[in-house]
Amino acid sequence: MTKSLAHKLGQGLTPQGFIDAMTKNQEAFLSWGDKFAWADEDDKEFFESLNNRDDLRCVILAADWCGDVVRNVPVVLKALENSGVPVEFLIQEEHMDVQDQFLTLGGRSIPVVIFVDTGGFVLGTWGPRPTYVQEPMVKFKKENPDREAPDYQANLAETRKEIMARYGEGTDYQQLIVKELRELISSF
C-alpha cells in the first residue's frame, strides 16, 4: 500500500515556527545547528542542486523533548537550507496517526524525516538516527523481544550508553546524516 501525507501537507509548522514553539532543548537544538559545517563540497552542491526539482517536499515528525530530534534535525535543516525543498514539522503528539504509519522497529521513534512528492505520496524516509548510531538499538530489539524480562531495562540502559558513545562528543555524526540523506534523495 502506498503511503500518502496529502491530507497533512500544509498543516505543519515552518522550521522557524517549530524552533520558536520549543519549550524544551531550544538552546541545544540551535547549538547543534550552529556547529554544522559541510565536510564535502560535493554534498553541499548536491543539496543546492535540488533547487532544480520542484517535486519534493519534506515533512519532519518531531517533538522538542526528544534528544535525537535535538541532535539530528538541525543537521537535516542545514542540509536542506539552500535546497529549495519546502520543509514543515508535525508535532508527534498532535499527529499520532502519522507516527503510527512510520514506526521504527515496531516503536514510535522520532525524528522521522519524510520526503513526499507534491501530491503527498511518500518517496522515502530517514530517521531516527544515522544507521551507525542506530545499530545498537537494532541489536537490542532483536536480542530483547520481551519487554517484561528482568534484564530488559538494564540492557536498554547499556544500549543507550552505546548509542551516545557512537554519537560521540563532536559533530562527526552529522556527516553520516548528510550522506544518508543524499543517498536517499538520490533514489527518487
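The values are calculated or read from the model by the stated rules, or taken from the named source; none is laboratory data. Keep in mind that what you see is a predicted model, and the values were worked out from it rather than measured. Ideal geometry is used to build each Cβ from the backbone, glycine not excepted, and the neighbour counts take in all protein chains shown. Calculation scope for accessible area: heavy atoms of the full protein, side chains included, ligands and nucleic acids excluded. Shrake-Rupley method; radii C 1.70, N 1.55, O 1.52, S 1.80 Å.
Could you please state how large a percent of the accessible area of the chain is carbon and sulfur, counting protein chains only and using a 1.4 Å probe?
Roughly 49 percent of what the probe reaches on the chain is carbon or sulfur.
Tell me the net charge near TRP65. Cut-off is 12 Å between Cβ atoms, TRP65 excluded, with +1 for each Lys or Arg and -1 for each Asp or Glu.
Local net charge: -2.
Using modelled amide H (1.01 Å from N, peptide plane; none on Pro or chain starts), what sits under 5 Å from the amide H of LEU123, excluding residues fewer than 5 places away?
PHE115, VAL116, ASP117
Past 31 Å, Cα to Cα: identify those pairs from LYS3/LYS142; LYS24/LYS78; LYS8/LYS142, in the order given.
Numbers: LYS3/LYS142 26 Å; LYS24/LYS78 20 Å; LYS8/LYS142 33 Å.
The answer is LYS8/LYS142.
Where both partners of a DSSP beta bridge lie in the chain, what percent of those bridges are antiparallel, to the nearest 5?
The answer is about 70 percent antiparallel.
Please give the direction-averaged projected area of the C-alpha convex hull for the range 81-129, in square nanometres with one decimal. Working shown, then result.
Details: hull surface 16.0 nm².
In nm², the orientation-averaged hull projection of the range 81-129 is 4.0.
Using 1/(1 + (r/R0)^6) with R0 = 25 angstrom and r between the beta carbons of LYS142 and LEU9, what's the FRET efficiency to the nearest 0.05? Don't skip to the end; give the middle numbers.
Values: r = 35 Å, r/R0 = 1.42.
Computed FRET efficiency for LYS142 and LEU9 comes out at 0.10.
What is the Rg over Rh value, at two decimals, for the range 5-163, using alpha-carbon atoms and the Kirkwood definition of Rh?
Working: Rg = 16.6 Å, Rh = 16.9 Å.
Rg/Rh: 0.99.
Treating only the Cα positions of the range 97-164 as identical point scatterers, give the base-10 log of I(q)/I(0) from the Debye formula at each q in 0.14, 0.18 Å⁻¹.
These q points yield log10 I(q)/I(0) values of -0.51, -0.75.
For the range 1-154, what does the accessible surface come to per residue with a 1.4 Å probe? Please give it in Å².
Accessible area per residue, the range 1-154: 51 Å².
If you count, for each residue, the other Cβ atoms within 10 Å and average over each peptide, how do 3-16, 77-90, 35-48 line up from highest to lowest?
In decreasing order of mean packing, 3-16, 77-90, 35-48 become 77-90, 3-16, 35-48.
So if each residue of separation counts as 0.36 nm, and I subtract the Cα-Cα distance between LYS179 and ALA37, what length gain in nm does that give?
Going from the current span to full extension adds 49.8 nm.
With r as the distance between the Cβ atoms of ALA165 and GLU27 and R0 = 35 Å, compute the FRET efficiency 1/(1 + (r/R0)^6) and round to 0.05.
0.90
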